[in-house]
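Sharing a structure below in structure tokens format, with a few things to ask.
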Amino acid sequence: MKQTYRGSCHCGAVRYEADLNLAQGTAKCNCSICFKTRSWMAFVPADAFRLLAGKEFLGDYQFGKRTVHHLFCTRCGVRSFARATDDKGNPAYALRVNCLDGVDPQVLVNAPVVYMDMLHDDFRSAPAETRHL
Ligand SMILES: [Zn+2]
């Protein structure tokens, strides 16, 4: 069932809320930035995301094709969400599951994980090895 979660960075300057159902799937990826930042994501469309605070604290990092805004808190450094577009070109957000506040650990344990091989530009396929992600 969809519910409203609150998410935040470590220092609390950046805060948001989003409507999603973690049981519908989360994602991990092997691309260069996801690997280095241990990314665990849940995707939501733009109309399910509301930034509550911290717009002025958001730093923006882009690389490669510059399709994703890898946002981070300029005070504490935590990446609590990213902004991009979905595969149909609609605005979307990639929330960091680990930055959602107060989630029952059992909900996280039960959340399905889809692995994406973005190191090879293939979000439809899982990498050959995923245990280290
Ligand atoms: Zn912060």
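For the stretch 4-33, which positions are in contact with a Leu (Cβ under 9 Å, 6 or more places away or on another chain), within 28 Å of residue 125 (Cα to Cα) and surrounded by fewer than 16 Cβ atoms within 10 Å (Cβ to Cβ)?
Within the stretch 4-33, just 32 meets the criteria.
Further, regarding this structure: Would you call residue 48 under 12 Å from the mean Cα position of the chain (by Cα) and away from the ligand (no atom under 16 Å from the Cβ)? Reasoning before the result, please.
On the way: under 12 Å from the mean Cα position of the chain (by Cα): no; away from the ligand (no atom under 16 Å from the Cβ): yes.
It is false that residue 48 is under 12 Å from the mean Cα position of the chain (by Cα) and away from the ligand (no atom under 16 Å from the Cβ).
Restricting to the stretch 1-30, count the residues that are closer than 12 Å to residue 111 by Cβ and among the charged types (D, E, K, R).
Looking only at that region, the number is 1.
Checking the structure you have, find out if any residue of the stretch 94-106 is under 23 Å from residue 122 (Cβ atoms), crowded, with 17+ Cβ neighbours inside 10 Å and away from the ligand (no atom under 16 Å from the Cβ). Lay out the reasoning, then the answer.
Start the filter on the stretch 94-106 by keeping residues that are under 23 Å from residue 122 (Cβ atoms), which leaves 94-97.
Adding the requirement that they be crowded, with 17+ Cβ neighbours inside 10 Å leaves 94-97.
Narrowing further to those that are away from the ligand (no atom under 16 Å from the Cβ): 94, 97.
Yes, the stretch 94-106 contains a residue that is under 23 Å from residue 122 (Cβ atoms), crowded, with 17+ Cβ neighbours inside 10 Å and away from the ligand (no atom under 16 Å from the Cβ).
Additional query: May I ask you to list pairs of residues, at least six apart or on different chains, whose Cβ atoms are under 7 Å apart, with the first in the stretch 34-63 being in contact (Cβ under 8 Å) with a residue 12 or more places away in the chain and more than 12 Å from residue 82 (Cα to Cα) and the second being open to solvent by 70 Å² or more (accessible area, probe 1.4 Å) and assigned to a strand (DSSP E or B)?
Note: pairs meeting the criteria are 52/15; 53/15; 54/15.
Okay, moving on. Somewhere in the stretch 77-85, is a residue loosely packed, with under 12 Cβ neighbours inside 10 Å and over 15 Å from residue 10 (Cα atoms)?
Scanning the stretch 77-85 turns up no residue that is loosely packed, with under 12 Cβ neighbours inside 10 Å and over 15 Å from residue 10 (Cα atoms).
The values are calculated or read from the model by the stated rules, or taken from the named source; none is laboratory data. None of the values given here were measured: they were computed from a predicted structure. Here the Cβ is made from the backbone with ideal geometry for all residues, glycine too, and neighbour counts use every protein chain on show. Please note that ligands, DNA and RNA were not included when accessible areas were found on the heavy atoms of the full protein model with its side chains. Shrake-Rupley method; radii C 1.70, N 1.55, O 1.52, S 1.80 Å.
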